[in-house]
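Colleague: Mind having a look at this structure? Questions to follow.
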Amino acid sequence: MTMALITYKEAVRQAMQEEMRRDENVFLLGEDVGVYGGAFGVSLGMVEEFGEERVRDTPISEGVIAGAAAGAAVTGLRPIAEIMFSDFITIAMDSLVNQAAKMRYMFGGKAKVPMVLRMPGGSGTGAAAQHSQSLEAWLVHVPGLKVVMPSTPYDVKGLLKTAIRDDNPVVFIETKTVYNKKGEVPEEDYVIPFGVADVKRVGRDVTVFATGVMVHRSLEAAEILAKEGIDVEVIDPRTLVPFDKETLVKSVIKTGKLIIVHEACKRGGFGGEVAAEVMESEAFDYLDAPIKRVAGKNNPIPYCMELEKSAVPQVDDIVNAVREIV
Amino acid sequence: MGDVTKEQLLDFYKTMLTIRKFEDKAAELFAAGRLPGFVHLYSGEEAVATGVCASLTNKDYITSTHRGHGHLIAKGGQVDKMMAELFAKVTGYCKGRGGSMHIADVDLGILGANGIVGAGQPIAVGAAFANQYLKNDAVSVCFFGDAASNRGTFHEALNLASVWKLPVIFVCENNRFGISMNQKDHMNIVDVSQRAISYGIPGVTIDGNDVAAVYETAKDAISRARKGEGPSLIECKTWRHYGHFQGDAGLYKDAQEQEEWLKKDPILKLEEKLKVLKFAKDTELKEIQQQIQGQIDAAVEFAENSPEPSPEDVLADVYAP
Ligand SMILES: Cc1ncc(C[n+]2csc(CCOP(=O)(O)OP(=O)(O)O)c2C)c(N)n1
């Protein structure tokens, strides 16, 4: 396989471009996704290739963006809708949660809703409380939705292609602080199936389960800890729904210790769900210490960047948590 | 209004009567405690769905509302499968998973009744976009109430439909009330059709109890949409005969007004017209009535004799494979 070194953002764009070339029923809609290329420049250049018919600027109307995506999906198209910041999902929530997620079930299995709602999530840009949230737990809670949270260029490209080909509504949360981070990505067509976690680092002493940007921070923490002789295994679930429980359980059986790291507020966060899954599994008997959650504090994301840092886990927080548990 | 034929008027009559008799039966069954949930009756508003859907085919889409039985029947829904759905039976349109507020059949172009007021508008816009994108000549129609036009989705949907010139027709069924709230208390305009002005699309107000008027107006809007001339808003003034749902006494309605509107019952109006034009005699109308009553009774029998869904299947169809 020939590999290319590209950014996360380019990987997202390539996935959309390749799928749009492959299937003419795939189209992109969202605010300023055309000439402007979207708020983060993800779709730059796409309107030149595909035209305004398939790369469609919309008014500031999140309710109708998500609702029209559902309507177009149930009638034969495969929309990719961009929500400018994941925070704005609140405005699209009815279209997504009460409509798209439930149509197939409510209609007795006679409909399919192949749509992707892409949105950049997370903090770290000094954008304050309404442009920095990690709301994945809200979405994971809704039967009928799939929820994807890729952390690397390789993962984001392979998973976005799978999302576009999937026949269900997929919420695709992009890690905005790694948009410009480079990684190796195959030049050939490839897809990554949903529900398969990736062991980003193999280790034997402690399992660190992390999502989004926390995968990168956990890997950094692992390198620091390696110098102290602590061998950390880092698991990235990549998709939260469906969830790969098996890979996690196997790892915990091996290490006997689990730390869950996410950026979202700890209270009601996805980490609680992960901990419960492990407690209910055969890995419970192998735990040598209580499960630990390293997560965002229960406050809105502040503007001041020093405060912002203190609100979400940093590399040091992960390092300290590991030291405490081993 | 001259070109509505005898056959068309008789077809309208049959459809409207099917809706009325379906609703009468649903009311009776609900009052007897035989249906779960709640039912919102369409009685009194039959001319709207009938007149609009007369110009649609199975390739065209509709989005419906909580008060959806009439839209579904007019769009070709079968009363037996609908009744079975109200009974929560596996033979119902949604296998007993949806009920009155979610009946749908995508193959018939019915994108669902809806439990969320104002939710159908974005969906109809999306379906209309699919029609435009696929160049398939089809249109979509969005039915909604006067109170639903206060939702943000209404405004987002009309605006987007207008700027994208989508083949969608927004049909407002103005029965004057949002549950108990009189239109004069929930908006500061008399005609909802005025709202079209903000979006630069045609908006008209018509007598929603005159099926021929609804038919003619909708036909024009639908044909404009098919020709790529964009969306329209049609407001049909009408009246619901009963309360908001079966069991609501509707005490907030003015008694005299209620009486006046009952005299303007769209089915009575059509019967008179059929007789004046000598298109049908009383005996012929009676025959139609009996025939339709037979269909409704058979639908109930079908529903009663159908199996219940099995709890083992509760997780089926949450996701498409
Ligand atoms: C978003 C939302 N808010 C409130 C309700 C409760 N509700 C159901 S029907 C209704 C009134 C709707 O009035 P209108 O749109 O005029 O339709 P009508 O019932 O008169 O046909 C309300 C408030 C709901 N289902 N959805």
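Colleague: Taking 0.36 nm per residue of sequence separation and subtracting the Cα-Cα distance, how much length would be gained by fully extending the chain between B:D107 and B:K281, in nm to one decimal?
Modeller: Additional length available on full extension: 58.9 nm.
Colleague: Now for a separate question. Please state the relative contact order of the stretch B:197-321 as a whole percent: Cα pairs under 8 Å, 6+ residues apart?
Modeller: So the answer I get is 20 percent.
Colleague: Moving on to the next point. What GluC sites (Glu not before Pro) in the stretch A:270-312 are in a loop by DSSP, with at most 15 other Cβ atoms within 10 Å of the Cβ?
Modeller: A:E280
Colleague: If R0 is 56 Å, what FRET efficiency do you get for A:R22 and B:I288 from their C-beta distance, rounded to 0.05?
Modeller: Working from the Cβ atoms, E equals 0.55.
Colleague: Please label the shape of the stretch A:48-167 as rounded, prolate or oblate, based on the square roots a ≥ b ≥ c of the eigenvalues of the alpha-carbon gyration tensor (a/c under 1.5 means rounded; beyond that, a/b larger than b/c means prolate, else oblate).
Modeller: Verdict is rounded for the stretch A:48-167.
Colleague: Still on this structure: Using the C-alpha gyration tensor of chain A, what are the square roots of 5 times its eigenvalues, in whole angstrom, with the largest one first?
Modeller: 33, 21, 19
Colleague: Please give every one of the lysines within straight-line cross-link reach of A:K266, meaning a C-alpha to C-alpha distance under 24 Å, and leave out same-chain neighbours fewer than 8 residues apart.
Modeller: A:K146, A:K176, A:K200, A:K245, A:K257, A:K292, A:K297, A:K309
Colleague: Starting from the Cα gyration tensor of chain B, take the square roots of the eigenvalues, sort them a ≥ b ≥ c, and report rounded, prolate or oblate (rounded when a/c is under 1.5, otherwise prolate if a/b is larger than b/c, else oblate).
Modeller: Because its axes are fairly even, with a/c under 1.5, chain B counts as rounded.
Colleague: Calculate the FRET efficiency for B:K219 and A:Y190 from the Cβ-Cβ distance with a Förster distance of 56 Å, rounded to the nearest 0.05.
Modeller: 0.60
Colleague: Remind me, relative contact order of chain A in percent, using alpha carbon pairs under 8 angstrom and six or more residues apart?
Modeller: Answer for chain A is 17 percent.
Colleague: May I pose another question? What's the longest piece of chain B with no exposed trypsin sites (Lys or Arg not before Pro), counting a site as exposed if DSSP puts it in a loop and it has at most 16 other beta carbons within 10 Å?
Modeller: B:60-134
Colleague: Could you tell me which of A:S281, B:G152, A:F194 has its Cα farthest along the dipole of the protein assembly as shown towards the positive end, charges placed at Cβ (Lys, Arg +1; Asp, Glu -1), taken about the Cα centre?
Modeller: B:G152
Colleague: Counting other Cβ atoms within 10 Å, keep those with at most 14, restrict to DSSP loop, and tell me which chymotrypsin sites (Phe, Trp or Tyr not before Pro) in the stretch A:254-326 are left.
Modeller: The qualifying sites are A:Y303.
Colleague: A follow-up question, please. Under a point spin-label approximation (7 Å from Cα along Cα-to-Cβ), what is the A:D231-A:A128 distance to one decimal in nm?
Modeller: Reported label-point gap for A:D231 and A:A128 is 4.9 nm.
Colleague: Determine the calculated [θ] at 222 nm for chain B from helices alone, applying -39500 (n - 2.57) to every DSSP H run no shorter than 4 residues and normalising by the residue count; nearest 500 deg cm²/dmol.
Modeller: After summing the helix terms and dividing by the residues of chain B, the value is -13500 deg cm²/dmol.
Colleague: Give the A-B buried accessible area in Å², both sides summed, 1.4 Å probe, nearest 100.
Modeller: 3400
Colleague: Let me ask something additional. Restricting things to alpha carbons, tell me how big the protein assembly as shown is in terms of Rg and Dmax, in Å.
Modeller: My reading of the Cα-based Rg and Dmax gives 27.9, 99 Å.
Colleague: In the stretch A:198-325, with Lys and Arg counted as +1 and Asp and Glu as -1 at Cβ, which of these residues, A:L248, A:P302, A:Q314, has the Cα nearest the positive end of the dipole, that is, farthest along it?
Modeller: Checked the options; the winner is A:P302.
Colleague: Quick one: if you stick a label point 7 Å off each Cα along the C-beta vector at A:N180 and B:R34, how many nm between them?
Modeller: 7.0
Colleague: Give the residue from A:A111, A:S123, A:A39 lying farthest towards the positive end of the charge dipole for the stretch A:3-186; charges sit on Cβ (+1 for Lys and Arg, -1 for Asp and Glu) and the dipole is referred to the Cα centre.
Modeller: A:A111
Colleague: Tell me, what is the 1.4 Å probe accessible area of B:V141, in Å² to the nearest 10?
Modeller: Surface open to solvent at B:V141 totals about 0 Å².
Colleague: Under a Cβ-only charge scheme (Lys and Arg +1, Asp and Glu -1), can you give me the dipole magnitude of the stretch A:198-325 about the Cα centre, in debye to the nearest 20?
Modeller: In total the dipole reaches around 160 debye.
The values are calculated or read from the model by the stated rules, or taken from the named source; none is laboratory data. Note that this is a predicted model, so its numbers are computed, not measured. Note that each Cβ is placed from the backbone with ideal geometry, even for glycine, and that neighbours are counted across all protein chains shown. For accessibility, only protein heavy atoms count, side chains too; no ligands or nucleic acids. Shrake-Rupley method; radii C 1.70, N 1.55, O 1.52, S 1.80 Å.
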